[in-house]
Every structure is written in structure tokens, then in C-alpha cells.
1. Can you tell me which residue within segment 51-68, out of those that are touching a residue at least 12 places away in the same chain (Cβ under 8 Å) and of a type in the set (Gly, Ala, Ser), is surrounded by the fewest Cβ atoms within 10 Å (Cβ to Cβ)?
2. Go through segment 204-228 and count every residue that is part of a helix (DSSP H, G or I) and in contact with a helix residue (DSSP H, G or I) (Cβ under 7 Å, 6 or more places away or on another chain).
3. Does segment 24-34 include one or more residues that are at pLDDT 75 or above and of a type in the set (A, V, I, L, M)?
4. May I ask you to list the residues in segment 71-95 that are assigned to a helix (DSSP H, G or I) and over 22 Å from the mean Cα position of the chain (by Cα)?
5. Looking at 202, 181, which one is among the hydrophobic types (A, V, I, L, M, F, W, C) and under 29 Å from residue 154 (Cβ atoms)?
6. Hey, can you tell me all the residues within segment 229-261 that are without any contact (Cβ under 8 Å) to a residue 12 or more places away in the chain, acidic (Asp, Glu), over 18 Å from residue 199 (Cα atoms) and not in a loop (DSSP other than H, G, I, E, B)?
7. The conditions are (1) modelled with pLDDT of 95 or more; (2) farther than 26 Å from residue 254 by Cα, and residue 149 fails exactly one of them. Which is it?
8. Quick test of your reading of the structure: residue 122 fulfils all but one of (1) farther than 29 Å from residue 205 by Cα; (2) modelled with pLDDT of 95 or more. Name the failing condition by number.
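The values are calculated or read from the model by the stated rules, or taken from the named source; none is laboratory data. Keep in mind that this is a model prediction, so the values were computed, not measured. Here the Cβ positions follow ideal geometry from the backbone for every residue, glycine too, while neighbour counts run over all protein chains shown.
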Amino acid sequence: MIIPILIMSIMGILFGLGLAFASRIFRVEMDPRIERILSALPGANCGACGKAGCAALAEAIAKGDASLTSCPPGGEEAYTKIAEVLGVEKCNVTKKIARVRCGGGDRAKDKFQYQGVRTCAAASLLAKGHKLCVFGCLGFGDCVMVCPFDAIHMDADGIPVVDHKKCTACGKCIEACPKNIISLEDASQKCYVKCLSLDKIIFVKNACKAGCIGCKICEKLSKGAFIVENNLSRLDYSKVDDSTPLKICVEKCPTKCIKED
């Protein structure tokens, strides 16, 4: 009885010494900065950075394979903390927000009654959607469903509205929208045209009450800051200064498709 016990004890000691030796030989040194970078990230694991999650991004930043501003949801606070960990200067980043460039919804006419799967992705596969305007929102809220920060909701007119206080510019809504009517834009640029239709004016007038009709009133009032091209107005912020009457353009737009956040 004693001999088997001694044999098992000796084998246990030998195996233990072997494991200790192996762990010393094959151990992988962990960069201590990774954990600190990870603690600075929001932990949303939303994938906006293109990595599998926050842990993967932290490792990539520590290795220099990703910039310290790779996490949109983290924002300025995270960038500042990561810069401190890396011992580098924090670069200034323009705050971005998601913006919906369509105001149609229930104000836009349908060309047929859609009875399929209630998602924008599915509806867009059938004749580019059930809306008469092929450029506009289909109103099923795919963007709402994918937002990990509860920053988008459908309004009473069937159009998604972004809560800029919650929006982190992660880009999930952009990926989900089959009509490409959502974009990341400079948060400081408050004024914009809430329409992307390139259809002829007479068609837009018939299809949507909220569409841009290319009347050029904004172009004249703004002295060229608004530019009408392909039947659609757009605002060139490089031509905007303190004297540009943006509020007047918003007020005078006949279809109210010029908005100011």
C-alpha cells in the first residue's frame, strides 16, 4: 500500500515540476497597457471599430495596429485616457453623428401595398421597395433594431429620428439601411437637406410632400452656400460664414426639407 502511494506522490511531483518548467518556457508576455486601454473603452463590443470586441481593439491599439481613436462610442473621454496610457498627445477628433437624410415616411406615397417580411432589407428587394420614391426610407426600422445604444426611434411620420445625445457614431444604422439614407456627419454642421431624391421635380412633387423640389430659393437666399444639382439641393459648408442666412433658408423652404438641428 505504501509503495503505490509513494509512486503516485513522486509522479505528482514530477508532473508538477514539468508543468512549472513548461509554463516558464512557453509563457507569453502580456503587455500591461492592454488591460488599461481596455478599461478606458466603453465595453459595448459593438464592432464599430472593425474588431471582434473591445478586448481585441485594446490589443490592436497597444500593438500599434489600430489608432487610439478607433472606438467611435468611446469618444473624447476614451481617447484622452488611451493617449495617457500610450504616452502620446491626444489628437482632436471631429464629433460625428448619424443623420437621416429622408423626411418622407407616411408623407411619401406608396406604389403598391407591401405584405412581405416587415424589414427594410426584405422590402427593398421587391422593386426597390414599396415607396414611389426609390430613394426614400421604407419605414420598417432596421436601423432602430440594430442600434446598440437605443439612439434611434421611429417618429409619428414613420421616419427614424436620431437622439444625438445617445448617438456614438458607431455606424451600425448605416450598415443596416438598404437605401443609404443615413450618414455620419460633422455634429457642428447643424443645417442640412433632409432629402436625397434625384428624381425630376414634377415626380418629387407627386411622390413626396417632404421632398426637395429644386426650387433654388435656398440657393438664391444663401448666395451660393446651397447648391442645386441634379434636382437636389445640398449645403456646401465651406461657403458658410456668419453672414449666411441659414435660418431664413430653413423658414423659406416650401417643402420644409431644409432642417437645422
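1. Here the residue is 55.
2. 3
3. yes
4. 81, 83, 84, 85, 86
5. Only one candidate passes the filter, namely 181.
6. 251
7. The single condition residue 149 does not satisfy is (1).
8. Here residue 122 meets the rest and fails (1).
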